[in-house]
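Colleague: Can you read through this structure? Questions will come right after.
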Amino acid sequence: MKYIAILFLLFTICACKQKKATEADLRAASAKQYTSADRNRVFGDISFGVTKAQFEQLYKSYLSSKKCDSSCTLGQFEYYRMQPKYNQGKLYYVEFANEGSHHNGYDKFIPELVKDAYLTVKKDYGAPQYSYDLKTWKAGDEFTVYKWLIGEKTIVISVNKIGAELGVKLVISRSES
């Protein structure tokens, strides 16, 4: 009986010391699954590192192929606002947002928008490395629902409340360097 207790104690200690996968481990593992072009692609023909002028030209072409009016779609996700960010003149971040008075309430619209954004990303990248239950979101806080790590690329789907308006954001980014 004493040996069983000792073995149990040793097993418990060893199990507790197992290394949890870090974000760097997850990025490295996912980087092996995708080509460099996939890891560098933001959407359509637009890749990280393009200049503002190149982005504007490529985005204009993207919009004309989608026949966008006041809103546009990225896969199944309908967005009303798109915001690129640049570091040293090179694209490193794009945010697609469906925010504003287009929604009358949380219960119906937010889960549908999150699902549309999720299906859009899942189609190309599979299941996310991180997912959080939308039911735990407290309106007013920005809340990450899903997060993918693809090499240096990160894709985040989040919900937020700006003033009295609810919204969903899909952000595709990589480190600024």
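Colleague: When you check Tyr106 against the structure, is it of a type in the set (Phe, Trp, Tyr) and either more than 25 Å from Asp38 (Cα to Cα) or modelled with pLDDT under 90 (or both), yes or no?
Modeller: yes
Colleague: Starting from residues that are of a type in the set (A, V, I, L, M, F, W, C) and more than 22 Å from Gly49 (Cα to Cα), keep the ones in the range 117-156 and report whichever is surrounded by the most Cβ atoms within 10 Å (Cβ to Cβ).
Modeller: Filtering first and then ranking leaves Ala117.
Colleague: Given the condition of a type in the set (Val, Ile, Thr), modelled with pLDDT of 95 or more, under 17 Å from the mean Cα position of the chain (by Cα) and under 24 Å from Lys60 (Cα atoms), answer yes or no: does some residue in the range 159-168 qualify?
Modeller: No.
Colleague: For Leu134, indicate whether it is modelled with pLDDT under 90, of a type outside the set (Lys, Arg) and in contact with a Cys (Cβ under 9 Å, 6 or more places away or on another chain).
Modeller: no
Colleague: Any idea which residue in the range 115-136 is nearest to Gly44 (Cα to Cα), counting only those that are outside any loop (DSSP other than H, G, I, E, B) and hydrophobic (A, V, I, L, M, F, W, C)?
Modeller: Top of the filtered list is Val121.
Colleague: A follow-up question, please. Being among the small types (Gly, Ala, Ser) and either in contact with a Gly (Cβ under 6 Å, 6 or more places away or on another chain) or part of a loop (DSSP other than H, G, I, E, B) (or both) is the filter here, so list the residues in the range 53-87 that pass it.
Modeller: Hits for the range 53-87 are Ser70, Ser71, Gly75.
Colleague: Could I ask something else about it? Just for the range 37-52: of the residues that are of a type in the set (D, E, K, R) and part of a helix (DSSP H, G or I), which one is farthest from Ile155 (Cα to Cα)?
Modeller: Once the filter is applied, the top-ranked residue is Lys52.
Colleague: Moving on to the next point. Got a number for residues in the range 107-151 being farther than 18 Å from Gly75 by Cα and of a type in the set (D, E, K, R)?
Modeller: So the count comes out to 7.
Colleague: Let me ask another. Any idea how many residues of the range 137-150 are outside any strand (DSSP E or B) and touching a strand residue (DSSP E or B) at 6+ places or on another chain (Cβ under 8 Å)?
Modeller: 5
Colleague: Looking only at the range 62-83, decide whether some residue is of a type outside the set (Val, Ile, Thr), farther than 18 Å from Lys169 by Cβ and at pLDDT 85 or above.
Modeller: yes
The values are calculated or read from the model by the stated rules, or taken from the named source; none is laboratory data. Given the structure is predicted, the values throughout are model-derived calculations rather than measurements. Positions of Cβ are generated from backbone atoms using ideal geometry, with glycine treated the same way; all protein chains shown enter the neighbour counts.
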